[in-house]
Amino acid sequence: MTVNGRKVYLRPLQKEDLESMHRATQNDEIRYMTGTTRHFTMEHVEAHYNRNLHDKTRHDFSICLKDTDRLIGDMSIMDIEEENKKAGFRIALHQVEFFNKGYGTEALSLALYFVFEKLRLNRLQLEVYSHNLRGIKSYEKAGFKIEGRLRQSIVLNNEYSDEIVMGMLREEYVK
């Protein structure tokens with residue numbers, strides 16, 4: 001399923017997208033913003049893709065530019081619990097040149113549409129680190145609320161950061 005926006009669109013993640021994902025895991029700024037501490041090989045990325053390929057509790061999307069079809073990021077709606085009508089969420093742009101252009105914000109709004117309109121879930125949750133101020137502002141702008149804080153849960157660059165739990169309910173999305 002493809003979800004179209006104004007500048008970007010979401011399409012199912014494909015095997016040929018994995019090289020871009022792998023490169024993103026090597027970028028120091030992206031690793032810092034996402035709290036990635038583990039180093040991934042291409043084999044790790046491929047194994048993750050293969051493991052999740054038939055997982056009915058998740059949807060993995062590539063984020064592409066509408067005018068050029070260029071892959072710029074990926075996102076996952078995961079840990080879907082049909083009985084509780086909730087899921088988790090993660091998003092990553094693959095190169096810093098795509099930051100601050102509204103692509104992530106638009107991709108997030110497309111994900112919200114997919115979660116609340118297509119999957120008909122009631123709750124979407126994510127975790128973001130306190131040093132990722134750009135991410136926090138984007139999530140708040142989209143309507144996510146801060147629901148909790150795990151204090152000093154990660155050490156990056158010899159500094160502690162909190163893990164912030166954010167969520168959005170269907171009723172908040174509808175407003």
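Here, each number is a calculation from the coordinates, and none is a lab measurement. Because the structure is a prediction, the values reported are computed rather than measured. For neighbour counting, all protein chains shown are included, and Cβ atoms are generated from backbone atoms with ideal geometry for every residue, glycine included.
The table below lists the values:
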| quantity | calculated |
| --- | --- |
| Filtered residues of segment 34-93 (kept if of a type in the set (A, V, I, L, M, F, W, C), part of a helix (DSSP H, G or I) and either in contact (Cβ under 8 Å) with a residue 40 or more places away in the chain or surrounded by 13 or more Cβ atoms within 10 Å (Cβ to Cβ) (or both)) | M42, V45 |
| Single unsatisfied condition, L119 versus (1) in contact with a Phe, Trp or Tyr (Cβ under 8 Å, 6 or more places away or on another chain); (2) closer than 19 Å to N4 by Cβ; (3) hydrophobic (A, V, I, L, M, F, W, C) | (1) |
| V115 vs. criteria under 17 Å from F61 (Cβ atoms), surrounded by 15 or more Cβ atoms within 10 Å (Cβ to Cβ) and in contact with a strand residue (DSSP E or B) (Cβ under 8 Å, 6 or more places away or on another chain) | yes |
| Any hit, segment 10-26, residues being exposed (fewer than 14 other Cβ atoms within 10 Å of the Cβ), of a type outside the set (A, V, I, L, M, F, W, C), in contact (Cβ under 8 Å) with a residue 40 or more places away in the chain and part of a helix (DSSP H, G or I) | no |
| Unique match (being part of a helix (DSSP H, G or I), out of contact with any helix residue (DSSP H, G or I) (no Cβ under 9 Å at 6 or more places or on another chain), free of Cβ contacts under 8 Å to residues at least 40 places away in the same chain and within 20 Å of Y9 (Cα to Cα)) among E140, E97, E172 | E97 |
